Structures are given as structure tokens and as C-alpha cells.
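Below: the structure, in C-alpha cells.
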Amino acid sequence: MQKTAPVNCPKSAICALYNDKILKGNGNNNVYKLIYCTTCRFKNCKRYHTYRMAGQCPDFIMPNSKHGSDYILRKIEEEIPTEAFPGLAGE
Ligand code: SF4
């Protein structure tokens, strides 16, 4: 029987969910890691797609979240402090 190579999501190094910064409790109990992060299903993960699209991912997004890209991008923009873009204040 042929062994398959272990899989790890390419975004695991930067993913807050994978690095146990979002969910409470022991990281070993994080079923998302078993279902998505360490299997080929990372390709179906909403966080993975958000990282690829925006370079970051809000903490409220879970691998099986149903939010659309427009909604997620709007939430990311809302989190950017306006002091960082003084020309955009009041727009
Ligand atoms: S599969 Fe999703 S939750 Fe897991 S490390 Fe990748 S981006 Fe993060």
C-alpha cells in the first residue's frame, strides 16, 4: 500500500486559527485542523481563499464560513485605521 505525503496548508505559518490564536482551549481539539489544515481540503477553506485574495483574514472567518468575498473585503477595510489614510477620512 502506497503512503500519501503529509499535507499542510500553505498558509498555516501565518494563519491565526491554525496557530491557536482564535479559538479557546487546547489547539489539539481544533477540528478545523483535522478537517482542513492538514488535508487537501485546505483548498476549500474560506480562510485560505481570503489570505490568497487579501493577504490577511479576519478572525471571525472560519474555514466553512459562507460569507462572500465582497463582505469579507469590506470588513477588512473597516478594520484599517483611518489615521493610516488621512486622505480617506470622512469618505
Ligand atoms: S486550511 Fe484554512 S484554517 Fe487551516 S491553516 Fe489553512 S487557511 Fe488556516
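Each reported figure results from applying straightforward, stated rules to the coordinates on display, with no laboratory input. Bear in mind the structure is a predicted one, so any value in this text is a computation, not a measurement. Note that we place each Cβ from the backbone using ideal geometry, even for glycine, and neighbour counts take in every protein chain shown.
Computed quantities for the displayed model
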{"quantity": "Using alpha-carbon coordinates, inclination of helix 69-79 to the longest axis of the chain, degrees", "calculated": "60 degrees"}
{"quantity": "Within straight-line cross-link reach of Lys46, aspartates and glutamates at Cα separation under 12 Å, skipping those fewer than 8 residues along the same chain", "calculated": "Asp59"}
{"quantity": "For Arg52, Arg41, order by how many other beta-carbon atoms lie within 10 Å, fewest first", "calculated": "Arg52, Arg41"}
{"quantity": "Stokes-Einstein D in µm²/s, Kirkwood radius over Cα pairs - region 7-82 at 10 °C with 1.306 mPa s viscosity", "calculated": "125 µm²/s"}
{"quantity": "Neighbour-count ranking [beta-carbon atoms within 10 angstrom, fewest first] of Thr50, Thr4", "calculated": "Thr4, Thr50"}
